[in-house]
Amino acid sequence: MDSAAVPCFVPEELIVEKAVEHTDLAQRILTRFADVPIARVEDAQQIWLQAQHARVRHEWQGKVLLARQRGPFLRLCPGTKKHICCLYQNLDVAAGCDLNCTYCILQGYLQSSLVTWYCNLEDLYQEVDRELTSHPEHFYRIGTGELSDSLTFDPCTHLAVDLVRFFRTRRNAILELKSKNTHVDELLEVDHGGRTVVSWSLNAAPIARSEEAAAPDIEARLRAARKVQEAGYWLGFHFDPMIDYPDWRQGYRETVDRLFSAIRPEQIAWISLGALRYPAAMDEAIRKNYPESTIVLGELLPGIDGKYRYLKTMRLEMFREMVRWIRGYSAAPVVYLCMESDEVWHKAFGWSPGSSARLKVLLDDRVRSAPK
Ligand code: SF4
């Protein structure tokens with residue numbers, strides 16, 4: 001079993017906010033990890049504050065806070081100024097991740113490795129239910145993979161299955177579980193009703209080995225995707241961030257070949273492409289947290305939104321090659337760019353959706369019904 005090959009995360013300490021201690025999720029976790037040290041706190045805020053002042057990021061490694069989500073669970077993806085975005089909704093069920101990819105954007109938001117699992121799921125279900133039922137004409141693509149990896153903690157929380165069941169009967173929404181991990185076995189038994197896309201981030205194998213070292217390798221991710229395909233789910237793939245290195249053409253080409261030799265294109269909802277980019281402040285964080293990584297040494301310049309990106313010519317070359325390789329296999333999946341301008345769309349693909357709203361319609365229409 002693939003998931004056995006990748007050690008599951010085990011917390012070294014659980015810190016429980018009193019307000020959530022008696023929730024079903026907290027009880028499930030506390031029972032499962034009965035031999036893990038537990039600390040109880042009145043207010044999770046004090047722990048977040050302490051963690052924000054960590055001297056080194058790894059100081060809080062292994063500690064998990066069970067807390068109440070204060071703000072809304074559902075949040076429109078902020079996108080980036082003057083770029084075409086897909087108008088995605090993030091569902092924040094956790095913050096933090098154990099996979100420690102060198103380029104991870106979480107380094108910009110979270111100063112430490114503390115992981116938070118939000119346990120007031122009743123509030124989550126009520127909030128999402130209210131949102132979906134009060135706007136029946138609106139279609140929602142909702143994902144849990146923004147502030148964490150959607151499946152990496154699933155052997156601890158078993159939350160993915162609950163969410164798949166919740167979305168099973170929703171006609172105006174689809175859930176996306178976005179991961180680099182392979183913990184899919186529980187998903188295989190659930191009646192998902194075609195309302196969940198299980199998706200994987202993919203990369204060139206040498207980049208996966210050097211920059212995503214704690215995550216399962218590309219072959220393992222694709223084996224997990226194949227199992228999920230056999231269970232009839234929609235699948236998604238994200239080549240993001242694509243990283244420039246001397247053999248990038250060969251590396252990305254090989255991953256595209258492996259993808260299409262493993263997966264039926266008709267079941268792939270979408271494939272996104274995005275080149276390495278990060279806010280200026282993250283440059284220092286990556287150098288400090290991952291001194292052995294060379295990704296910050298590439299030719300990256302600040303763009304109109306203040307984020308560092310590769311030169312446009314480089315991004316165009318990467319995107320053109322990728323879409324050529326992908327379309328050589330199939331016209332079925334929607335292939336889209338993450339946070340790029342209308343001009344880059346035109347130059348890379350020869351067309352553009354023209355606006356975020358139009359891109360949203362393309363992606364929504366792809367998954368309105370279950371895969372064939
Ligand atoms: S898997 Fe995603 S959330 Fe986790 S460290 Fe890597 S980039 Fe960050």
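See the values below:
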{"read-out": "Sparse-neighbourhood loop sites, GluC sites (Glu not before Pro) in segment 202-253 - DSSP loop, at most 12 other Cβ within 10 angstrom", "value": "none"}
{"read-out": "Top positive-direction residue, dipole computed over the chain with Cβ charges, set Tyr88, Pro265, Ala204", "value": "Pro265"}
{"read-out": "Where N is the number of residues in segment 15-114, Cα Rg divided by 2.2 N^0.38 Å", "value": "1.23"}
{"read-out": "For segment 195-231 and segment 46-122, distance of Cα centres in Å", "value": "22"}
{"read-out": "Rounded to 5, percent antiparallel among DSSP beta bridges of segment 214-372", "value": "40"}
{"read-out": "Projected-area mean, segment 98-257, by convex hull of Cα positions, square nanometres", "value": "10.3"}
{"read-out": "Part-to-part distance (alpha-carbon centres) for segment 235-255 and segment 303-346, which is given in Å", "value": "12"}
{"read-out": "Cα-projected label distance for Asp305 with Glu219, points at 7 Å along beta-carbon direction, nm", "value": "3.6"}
{"read-out": "Candidates Gln61, Gln52, Gln126, ranked by Gaussian network fluctuation over the chain, Cα under 10 Å, top entry", "value": "Gln126"}
{"read-out": "Carbon/sulfur fraction of accessible area - the chain, other protein chains in place, 1.4 Å, %", "value": "52"}
{"read-out": "Kirkwood Rh in Å, taken over segment 54-172 so that all alpha-carbon pairs contribute", "value": "15.6"}
{"read-out": "Members of Lys81/Lys360; Lys347/Lys372; Lys81/Lys347; Lys288/Lys347 lying beyond 25 Å, as alpha-carbon distances in this model show", "value": "Lys347/Lys372; Lys288/Lys347"}
{"read-out": "Overall dimensions of segment 236-351 by Cα: Rg and Dmax, Å", "value": "15.0, 43"}
{"read-out": "Low-density loop cleavage sites - trypsin sites (Lys or Arg not before Pro) in segment 20-56, where at most 15 other Cβ are within 10 Å (DSSP)", "value": "Arg55"}
{"read-out": "Evaluated over segment 248-314, the Cα radius of gyration and Dmax, each in Å", "value": "15.7, 43"}
{"read-out": "Viscosity 1.002 mPa s, 20 °C: Kirkwood-radius Stokes-Einstein D of segment 1-63 over Cα pairs, µm²/s", "value": "160"}
{"read-out": "Mean ellipticity per residue at 222 nm, deg cm²/dmol - from DSSP H runs of n ≥ 4 across the chain, formula -39500 (n - 2.57)", "value": "-10500 deg cm²/dmol"}
{"read-out": "Spatially proximal aspartates and glutamates relative to Lys312 (Cα-Cα < 15 Å; intrachain offsets below 8 disregarded)", "value": "Asp244, Glu299, Glu321, Glu340, Asp342, Glu343"}
{"read-out": "Share of Cα-Cα pairs in the chain lying beyond 25 Å, as whole percent", "value": "55"}
{"read-out": "Residue-normalised accessible area of the chain, expressed per residue, 1.4 Å probe, Å²", "value": "42"}
{"read-out": "Principal axis dimensions, largest first and in whole angstrom, of segment 70-115 by Cα", "value": "30, 26, 15"}
{"read-out": "Of every Cα-Cα pair in segment 145-197, the percent that sits beyond 19 Å", "value": "20"}
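The values are calculated or read from the model by the stated rules, or taken from the named source; none is laboratory data. Small disclaimer: the values here were computed from a predicted structure and weren't measured. Cβ sites come from the backbone with ideal geometry, for glycine too, and all protein chains shown count toward neighbours. For accessibility, only protein heavy atoms count, side chains too; no ligands or nucleic acids. Shrake-Rupley method; radii C 1.70, N 1.55, O 1.52, S 1.80 Å.
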